[in-house]
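Report on one structure; see the data block that follows.
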Amino acid sequence: MDIENRSNISNYNVIWLDKSIHSKQNANLQDRLRSIVTHLQVFEDVAQCEQYIQSTFPTNQFIFIVSGKLGQEIIPRIHEYSTIYMIYVYCVNKDFYQVWSLEYPKIKGIYNHFEGLLELISSYQRRRVESDTNESFSMSILNGTMDNEQSTSHMDGRFVHSQLLTDCLLRMQTIVSDTDKEDLINLCLEKYPDASLDISKYSEDFTESYSADSAIYWYTKEAFVYRLLNKSLRTQDIDLLFAFRFLIRDIQQHLQEYQCLSPVTLYRSQLILDEELEILKQSVGKLISMNSFLSTTTEHDIAWLSFTSPNPQNASSRNKSVIFQIYADPSRTGMKPFANVSEFSAFPDENEVLMMLGSVFRLDRIHLGQYHTWVIEMTLCSDDDHDLKAVVDSMRSQYGSGQTRLLLFGHVLVDMARFHEAEKYYYRLLKQLSDDDPDVSLCYHSLAKVACEKGAYELSLKKLQRALDIAQRTLRKNHPRLGFIYTSMGEVYEKIGKTNEALDSYKKALKVWSKYQDLDPQYIAWCLNNIGNVYNTHKEYSKALEYLTKAMKMKNSCLPPSHPCMGNAYLNLGNSHYYSGQYQQAVQCYQTAKNIYTTSLPPDHPSIATTLKNIGLVYETEDNLSEAMICYEKALSIRQKSPFQLHTDVIEAKRDVKRISLKLKKDNNLQRTLSSQTEKN
């Protein structure tokens with residue numbers, strides 16, 4: 001579930017009352033203040049100012065700045081107005097008004113230097129952005145058991161791949177060049193032209209002064225970095241995340257170096273939708289993952305200031321004010337890092353504790369607190385606490401350890417079904433490699449997989465042949481990599497109906513791998529699984545079941561139960577039962593595959609669509625057309641999100657829905673005819 005504000009509440013509005021408001025000095029200060037807040041209204045006359053406050057809509061909220069002398073005149077009359085949120089006195093003689101101000105709780109401070117007041121309002125504004133914008137806060141609920149449509153198992157799959165993507169980005173090159181920083185600026189300008197003024201304002205300073213030591217400063221600064229980084233994390237904008245990789249890594253290293261050493265209680269305010277609050281209430285006891293960095297504070301009162309008002313009139317009927325109260329104990333092992341960053345922040349007075357993206361929390365309790373605000377109590381958990389750890393670790397091991405290469409980044413994107421982006425990064429790598437580099441073969445092999453997913457099967461075979469030629473030229477005879485290429489060739493041959501060629505390719509792969517006793521058994525199982533599929537196509541069902549069962553046993557011995565490759569095994573076993581007319585066993589296998597996929601893959605992954613189609617096919621065969629239609633429509637919904645709309649899978653999904661629609665229409669016409677005849681009789 002993404003928690004994100006959808007209100008129309010704007011940033012802070014400010015009223016400033018001062019007899020010398022139009023002086024040259026104050027005019028300059030007004031310009032600076034307008035760069036921070038949405039709306040500034042200035043007055044030099046008390047009566048006009050009070051009349052304006054009285055005429056504003058009751059849900060408007062203002063920060064009120066006033067000179068000391070005029071403040072003594074107007075504050076007693078307006079202090080209790082609901083529209084006045086906070087009051088600041090700006091005067092020369094600070095001590096003179098200090099005692100008097102204690103009578104009025106809404107007076108939050110007396111300043112004789114406007115610079116300090118500007119910094120404070122800017123700080124409040126940043127806190128407000130954190131709690132209000134739909135770009136700053138996103139979470140997933142893990143291990144959910146909601147209804148079928150709201151099942152948070154889809155969130156589990158999103159969580160798994162978010163963790164893998166972050167891990168990949170963090171393990172990329174450690175040296176930041178000016179080119180990297182310029183590329184980030186240019187990409188931000190390209191993707192968000194509406195923010196060009198903000199980006200351009202800081203671009204030169206960022207390019208010249210950014211270093212690993214200043215990562216926290218730039219993240220907390222009221223500039224484009226905070227907003228666009230968190231937006232890219234929330235939306236998983238692959239290109240922007242890749243461009244931000246050095247900043248993500250630098251922040252993580254800083255949090256690790258300055259990790260809090262003792263337990264802390266932290267606070268974070270947020271506006272969320274009423275239905276989102278209800279989902280959270282139903283999820284007490286479950287785990288929650290944050291999909292972005294989480295800014296918190298040790299000061300409860302600072303968190304409160306993020307809201308426009310502690311008055312429930314402020315929130316719309318669909319928005320609820322919540323305070324996250326987080327207990328974090330650093331003595332537990334396996335936690336994401338968190339650190340007090342006040343010393344390095346652009347706002348050092350906030351006592352900010354920044355928590356690493358991907359942090360996992362247990363939702364302990366939700367209760368209604370003061371001012372009609374909900375308090376959500378959570379405990380920071382170890383990465384070892386969630387049930388998906390085995391899946392994440394197993395899939396992470398496939399990408400190797402140490403520094404991430406661009407090739408592995410592409411592999412992660414392929415597993416996320418982000419084929420278009422993966423293709424782009426593979427071609428980017430090809431341009432960087434020399435002709436005799438062994439990775440050239442891997443690049444072509446990967447590009448062949450992408451082409452296959454796009455439905456370009458002949459192109460896929462051409463790239464696989466090129467990968468094979470390069471591998472045979474640059475690697476030793478019978479290198480295990482050849483087995484992977486042969487297996488991929490077999491899969492493409494299957495797609496185009498050349499099952500004999502597919503079987504030959506699989507047997508070549510097994511022959512190569514037979515020479516390596518230490519090869520991961522999941523790869524042998526992968527090949528056996530595919531051979532079983534071919535025998536199903538040849539209607540040799542007993543032989544197919546033999547290979548598929550053997551593959552299942554091998555995968556069970558080396559993979560966690562929720563690994564997506566286990567989903568493949570159940571899917572293919574289901575196919576074997578379906579072809580044999582064992583429909584109940586087929587549906588059971590398909591449902592198991594679907595549960596695994598939704599736990600370990602993103603919600604729009606093609607494998608989920610394939611499984612839904614197969615379940616629909618069983619229902620259609622059993623003449624349960626309404627259930628078949630539900631499955632086919634869900635499968636089509638996923639397929640239509642693919643960028644490859646001419647793919648045969650998309651076309652087939654549309655045909656499935658159309659075919660069932662015609663059958664249902666025919667059945668309905670028949671029912672009406674029978675009913676009509678019955679009435680006549």
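The values are calculated or read from the model by the stated rules, or taken from the named source; none is laboratory data. Keep in mind that what you see is a predicted model, and the values were worked out from it rather than measured. As a convention, Cβ positions derive from the backbone with ideal geometry for all residues, glycine included, and neighbour counts pool all protein chains shown.
Taken over region 622-659, the criterion of being in contact with a Lys or Arg (Cβ under 7 Å, 6 or more places away or on another chain) and either in contact (Cβ under 8 Å) with a residue 60 or more places away in the chain or of a type in the set (D, E, K, R) (or both) is satisfied by Phe644, His647, Asp649, Asp656. Applying the criterion of being of a type in the set (Lys, Arg) and assigned to a helix (DSSP H, G or I) to the residues of region 488-522, the residue that is nearest to the chain's Cα centre (by Cα) is Lys495.
Go through (1) modelled with pLDDT of 95 or more; (2) surrounded by fewer than 21 Cβ atoms within 10 Å (Cβ to Cβ); (3) of a type outside the set (Phe, Trp, Tyr) for Cys631 and report which single condition fails. With respect to (1) modelled with pLDDT of 95 or more; (2) surrounded by fewer than 21 Cβ atoms within 10 Å (Cβ to Cβ); (3) of a type outside the set (Phe, Trp, Tyr), Cys631 is out only on (2). Residue count for region 221-257 under the criterion of being assigned to a helix (DSSP H, G or I) and in contact with a Ser or Thr (Cβ under 6 Å, 6 or more places away or on another chain): the result is 5.
Within region 604-621, track down each residue that is closer than 14 Å to Glu652 by Cα, under 29 Å from the mean Cα position of the chain (by Cα) and small (Gly, Ala, Ser). Of everything in region 604-621, just one residue is closer than 14 Å to Glu652 by Cα, under 29 Å from the mean Cα position of the chain (by Cα) and small (Gly, Ala, Ser), namely Ala609.
Mind listing whichever residues of region 549-564 are under 35 Å from the mean Cα position of the chain (by Cα) and within 16 Å of Ala586 (Cβ to Cβ)? Of everything in region 549-564, just one residue is under 35 Å from the mean Cα position of the chain (by Cα) and within 16 Å of Ala586 (Cβ to Cβ), namely Met552. A search for C-beta distances below 6 Å between a residue of region 191-217 that is in contact (Cβ under 8 Å) with a residue 60 or more places away in the chain and over 15 Å from Asp180 (Cβ atoms) and any residue that is not small (Gly, Ala, Ser) and not in a helix (DSSP H, G or I), counting only pairs 6+ apart in sequence or on different chains, returns Ile216/Val341. Which members of region 349-397 meet the condition of being β-branched (Val, Ile, Thr) and either within 20 Å of Thr298 (Cβ to Cβ) or part of a helix (DSSP H, G or I) (or both)? The answer is Val353, Thr373, Val375, Ile376, Thr379, Val391, Val392. The set of residues in region 140-171 being at pLDDT 85 or above and more than 17 Å from the chain's Cα centre (by Cα) consists of Arg171 alone. Applying the criterion of at least 2 residues that are in contact with a helix residue (DSSP H, G or I) (Cβ under 6 Å, 6 or more places away or on another chain) and of a type in the set (D, E, K, R) to the helices (runs of 4 or more DSSP H) found wholly in region 546-628 leaves 606-621.
Looking across region 568-624, the residues that are β-branched (Val, Ile, Thr) and surrounded by 23 or more Cβ atoms within 10 Å (Cβ to Cβ) come down to Ile596, Thr598, Thr599, Ile608, Thr611, Ile615.
Conditions (1) without any contact (Cβ under 8 Å) to a residue 12 or more places away in the chain; (2) of a type outside the set (Ser, Thr, Tyr); (3) surrounded by 22 or more Cβ atoms within 10 Å (Cβ to Cβ); (4) in contact with a Lys or Arg (Cβ under 8 Å, 6 or more places away or on another chain), marked per residue:
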site	(1), (2), (3), (4)
Ser331	no, no, no, no
Ile366	no, yes, no, yes
His372	no, yes, no, no
Ala390	no, yes, no, no
Tyr427	no, no, no, no
Leu430	no, yes, no, no
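Being within 26 Å of Gly616 (Cα to Cα) and in contact with a Lys or Arg (Cβ under 9 Å, 6 or more places away or on another chain) is a description that applies to Asn529.
Conditions tested, residue by residue: (1) out of contact with any Asp or Glu (no Cβ under 9 Å at 6 or more places or on another chain); (2) over 21 Å from Lys336 (Cβ atoms); (3) surrounded by fewer than 17 Cβ atoms within 10 Å (Cβ to Cβ).
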position	(1), (2), (3)
Ser262	no, no, yes
Thr265	yes, no, yes
Glu275	yes, yes, yes
Phe293	yes, no, no
Thr296	no, no, no
Glu299	no, yes, yes
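Look at (1) modelled with pLDDT under 95; (2) among the hydrophobic types (A, V, I, L, M, F, W, C); (3) crowded, with 22+ Cβ neighbours inside 10 Å and you find that Leu255 fails only one, number (1).
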